[in-house]
1. Gap in Å between the Cα centre of the stretch B:65-124 and the Cα centre of the stretch B:217-294?
2. Let me make sure I get this right: for the protein assembly as shown, a, b and c are the square roots of the gyration tensor eigenvalues over alpha carbons, sorted descending. Under 1.5 in a/c it's rounded, otherwise prolate if a/b > b/c, else oblate. Which is it?
3. Rounded to the nearest 0.05, what FRET efficiency do residue B:345 and residue A:112 give with R0 = 22 Å and r taken as the Cβ-Cβ distance? Could you check?
4. Using a simple charge model, +1 on the beta-carbon of Lys and Arg, -1 on the beta-carbon of Asp and Glu, nothing else, what dipole does the protein assembly as shown show about its Cα centre, in debye to the nearest 20?
5. Give me the one-decimal nm value for the distance between modelled label points at residue B:579 and residue A:453, 7 Å along each residue's Cα-to-Cβ direction.
6. Report ³J(HN,Hα) in whole Hz for each residue of the stretch A:84-101, in order, from the Karplus equation J = 6.51 cos²θ - 1.76 cosθ + 1.60 where θ = phi - 60°; Gly and Pro get x.
7. Across peptide B:7-15, how many C-beta atoms of other chains are within 10 Å of each residue C-beta, on average?
8. What pairs in A:459/B:531; A:440/B:575; A:146/A:169; A:4/B:13; A:440/B:238 have C-alpha atoms more than 28 Å from each other?
Amino acid sequence: MSVKYIGLSEINGPLVALENVSGVGYDEMAKIKLSDGSERLARVVELSGDKAVLQVFEGTKGLSLTNTEIRFEGKPMELPLSPEILGRIFSGAGRPIDGLGEIYPEKTADINGKPLNPVSRTYPRNYINTGISSIDALTTLIRGQKLPIFSGSGLSHNKLAVQIVRQAKIADKNGEDFAVVFGAMGVKNDVADYFKRCFEETGVLKKVVMFLNLSNDPIIERILTPRCALTAAEYLAFEHNMHILVILTDMTSYAEALREFSSSKGEIPGRKGYPGYLYSDLASLYERAGIIEGSSGSVTQIPILTMPNDDITHPVPDLTGYITEGQIVLDRNLDSTGIYPPVSVLPSLSRLMKDGIGEGYTREDHQMVANQLFAAYAKVQDARALASVIGEEELSESDKAYIRFGVLFENKFLKQGFDENRTIEQTLDLGWALLSTLPKAELDRVDEEHLEKYYSAEKAKDIFGEE
Amino acid sequence: MNTIYSVNGPVVKVRNTRDFSMLETVYAGKKRLIGEVIGITEEFTTVQVYEGTSGLMPGEPIEPAGTPMSALLGPGILSNIFDGIERPLKRLEQISGAFINDGSDVSPLDTEREFDVTVTVRPGDTLEAGQIYATCPETPLITHKCMLSPLSKGGEVITAAANGRYKINDTVVTIRNKDGETEELTLCQRWPIRTPRPAAERLPINRPLITGQRIVDTILPVAKGGTAAIPGGFGTGKTMTQHQLAKWCDADIIVYIGCGERGNEMTQVLEEFSQLIDPKTDRPLTDRTVLIANTSNMPVAAREASIYTGITLAEYYRDMGYHIAIMADSTSRWAEALREISGRLEEMPAEEGFPAYLPSRLSEFYERAGYVRTLGGSEGSVTIIGAVSPQGSDFSEPVTQNTKRFVRCFWALDKSLAYARHYPAINWNQSYSEYVEDLADYYKENVRDDFMEVRQEISNILVEENTLMEIVKLMGTDVLPDDQKLLIETARIVRVGFLQQNAYHKDDTYVPLEKQYLMMKAILTLYSEAKQAVSRGVGMNTIMATGLFEKLVKMKYDIPNDRLEMFDDYEKEIKSVMSALA
């Protein structure tokens, strides 16, 4: 079956072409053996008559038209899987790089996955308590959700991700069925180290599978990294009934790798040079989150991306936002005023939150408090804009109340320590205390019954002091 | 036999053949993947494949099916969920499990299910295209009517089966046409998805699609048989708005097309609609709903087809004399699928990489909406409500701009409203509806004589507020004279108390037209009474202290939909309190 092809007919960037091939399928994997004995992986990306175009994962450096031997494997890229992958570190292409040897696979799986039948999905409803007020109260994370962090270079997204992993009460029984799959695409060595160290300190390292493609690793491999990570996650979740939290960082590097690859193939570029299929491609990753009927496991995704120039309309955050179920947006101004986590609450959103909160999940008043906090904080922005024109002194009483509310909201509610783990009751009570600093008549998103129950101007004074 | 020459993503080429015709269905490869011919040149025939092409090899067989891409139409469509090329997803789950395999060839409709068929023709009757020959209850809500295909020449009924239980492929009627050819009629028929189904004539549009959503029904109405677009960046509530419309609008049947959207959302629709009971019929909403789900990770070519599959199903039910509303979420994903395939074909791109034929495709789609007299002689309509996801939330991008040209109702969703959790986040200043004039008579006859005037006054308040806000943004409200402060406070009631609507509140999620009218009336009463008080020299602070403004903001919750007489008390209270102010 396995025919050996010697030599190439063309080399262009990461792509090589060879002629006179037959019996080769689209998306099939191949091994390229160089004359010095080293091996590289390649994938078929185009077939035309007897000509095949392959992308070489480790780059084409050192390849010539004559010094190669290519052997096709007859199947798409597959990842060896077994429960032993927990605690291991792999390269971006799924090869062990921690020196602990190969995996003895229980099975192998195509890393491209297959689309999940919407009929077979279970709608996610179980909320994950992260202990972070801004997330729990306003953009609640739901098990089986894909909720990205939109950040910028230099913001504390990594720290936030680690805090979520550490505090997230995702598991059912004593954390036994909980694991993290970490996919790093084009991140700095320091960042990968930071995550490794934090996982170690938290004692979850044995429950982490890492796929590392660092910024100096080949870009083609970067395209495989999230696919390997998600394949591992699906395997653990749906075949071993574990709750998997997948952290993918940095999606912008991934998209850039895709762009580089696309342009070397000579494809017609879409927006900002990204290929026209960027949406479909990102969707093929993000949609691999969820819960399947008949399995007690789940895949929850927290992809992290850095918005180039902090621009949320850049194609990568833009398309991501259209696919994912909400987003947590970080804000540079908050960050520079020393507020951690610098969650910009107004553009942040969790789409699945509405069905996973309230009575039976968090607390019956959760939705109302969240709506009212959003509405009030939106008014703070108006009041601040006005104050910057006419000065704070000239503001009406209600606008002044909003300015004060805004300061308290940012410093008491958003801001919290890296080790501070707030319960949902604490968070919601804090929300009510903040709302109680506003006149009762301003609160138009909550009903009378709950106003009676929770609104207390005295309590607010106790907590925040007079003025 | 023809063989595959090249494979590039979903695009497959065959070389040196004359066996294929444009838009014909093909089966590609050993797995018999479903595809469609999209281009023919001297040398190459180009095929787009609706399934994943991993593993497909040059040299594998590829064969034409002889027919264009068609939908199978017959009983069993309702309450079902299909993918973009009408494959039943529940059946696929039984065959291949939770993940969808390539090359699963299954009949769209259940061929084993039996229906209680009433045959409505007798031997000797003549039957023409579009006329009904049999009916059967499809769901407890909808009677399915089997019609002679519009393509048929018609003829005389020779045999008609007795009433009884039949499967969709059983012959129930035989006809013979003028030329002596006989035709056997089963319960189902095929129709090419890219061809609009014909109707006898188009009728003028003058009935609203009543949705129970205040901003839609009152301010920006859409007509039955009309078209509307909902553009909005991510997180502005396009999907939420469409869900609300699908749940509550007074169409007979809903076709919900999830085109390149999230899997969990489709699951949510499935779950919610089967649990939600329609108050008008006391049956779950799924009884009148059909879902087309092509989630964003399913093959891109099928995403392009899903829109056509959906509208073909809608037209089929329209021909039975039903009113259909199509929710297409989102048409931008469909346009992007066009772009993606166009790129693979190396066509010359126009704006932002979209193909030059984008506007013509969009207009073809929206023109399939309409209120018609069917070939069978009854009246039916198809209303299209398409979501648009503008890239970078920028409404000047090609899909939004071109859509705007072909729809008559534009509900622009606004980020800042969504940020303040004002839902539905339809921006009343940027949106418009061209149907207001056409529907005026309906509102006058069916709600109140002065409905249109009241509506206009409410709109005027919003327009005036918009002008005043320019000043307020610069100087604050304190500098305004009392009559302008009053206008701003009244506009606040309109915005928060009227336009904003809570989808999770039992009374507020659907509001009958009568209550919408009375709410507006109450606001206007307060406004005019307070205006008189201001002119008598009463200060705004005194007026606000009455608490009436807050009361009206909350009237949507405080007055249940079945106790509209409470509005009388409100009016009395407003008048007595306001006139008591000195």
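FYI, it's all coordinate maths here, none of it is from the lab. All of these numbers come straight from a predicted model, not from anything done at the bench. Ideal geometry is used to build each Cβ from the backbone, glycine not excepted, and the neighbour counts take in all protein chains shown.
1. The stretch B:217-294 and the stretch B:65-124 have Cα centres spaced 22 Å from each other.
2. Cα axes put the protein assembly as shown in the oblate bin.
3. With R0 = 22 Å, the Cβ-Cβ based efficiency is 0.45.
4. 1120
5. For residue B:579 paired with residue A:453, the spin-label model returns 4.1 nm.
6. 5, 5, 4, x, 9, 10, 10, 6, x, 9, x, 9, x, 10, 9, x, 9, x
7. 4
8. Long pairs (Cα-Cα over 28 Å): A:459/B:531; A:440/B:238.
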